[in-house]
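The values are calculated or read from the model by the stated rules, or taken from the named source; none is laboratory data. Small disclaimer: the values here were computed from a predicted structure and weren't measured. FYI the Cβ positions are ideal-geometry reconstructions off the backbone, even for glycines, and counts take in every protein chain you see.
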Amino acid sequence: MKNHVTALALILAAALWRVAIVLEPSLFNVSPVTALAFCGAVYFRDWRMWLAPLAGLTLSDLWLNHYHASEFGYTWTITEMLLRAGCLGVALGLGRLVARRRNAVTLLSGALASSLAFYLVTNTASWSADVYYAGNVAGWWQAMTMGHPEFPPTLWFFRNTLAGDLLFTGLFVGAMAWSAAPATRTGEA
């Protein structure tokens with residue numbers, strides 16, 4: 001039960017972090033949501049616990065969409081929101097694979113793969129839907145590396161995504177180890 005409370009507290013903190021991050025643009029995409037989906041699948045067999053990161057993503061997406069509309073004059077489409085939710089599904093699948101053989105290497109590999117999947121899926125979707133990009137390999141490469149000239153390069157966003165996923169995966173794993181430690185000590189006594 002303590003693990004569930006710890007996980008839910010982390011998920012609430014993740015949603016709040018994602019909403020508050022708009023105050024510091026250099027931290028855009030340093031988000032804990034994918035890491036929590038990945039780690040939730042690694043640590044929890046109850047699939048209902050996996051819905052919490054999806055709820056955090058959806059609620060924070062709705063708020064961020066409103067923020068983007070008022071601040072930048074654009075909004076995300078439902079397709080873009082569903083793609084991000086699909087990326088969480090990929091992270092959940094990777095988490096289930098890692099759960100079978102959980103160790104430092106598989107946790108790191110899963111976090112890296114989750115970040116890379118998010119980056120490839122969302123930027124490829126931008127390339128395919130945005131008329132700014134040429135519909136060829138050069139346009140795809142631009143979407144993967146530079147993006148739109150009025151925004152920071154997409155590699156900058158990927159760097160932040162990767163840093164956030166690794167940081168928050170480490171924090172989640174540490175919190176789960178910490179919350180399990182007293183139970184282990186009690187069982188040994």
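List every residue pair whose Cβ atoms sit under 9 Å apart, with the two residues 6 or more apart in sequence or on different chains, where the first one lies in segment 83-108 and is more than 23 Å from Leu57 (Cβ to Cβ) and touching a residue at least 40 places away in the same chain (Cβ under 8 Å) and the second, anywhere, is among the aromatic types (Phe, Trp, Tyr) and crowded, with 16+ Cβ neighbours inside 10 Å.
Every condition considered, the pairs that remain are Arg102/Tyr43.
Inside segment 100-189, counting only helices (runs of 4 or more DSSP H) that do not spill past its ends, which hold 3 or more residues that are surrounded by fewer than 19 Cβ atoms within 10 Å (Cβ to Cβ) and of a type in the set (Gly, Ala, Ser)?
Values: elements: 104-129, 137-145, 154-188.
Fully inside segment 100-189 and qualifying: 104-129, 154-188.
Check Glu80 against each of (1) in contact (Cβ under 8 Å) with a residue 24 or more places away in the chain; (2) buried (at least 17 other Cβ atoms within 10 Å of the Cβ) and name the one condition it does not meet.
For Glu80, the failing item is (2).
Please go through segment 50-78 and give me each residue that is of a type in the set (A, V, I, L, M), more than 15 Å from the chain's Cα centre (by Cα) and modelled with pLDDT of 75 or more, ordered by number.
Leu62, Ile78
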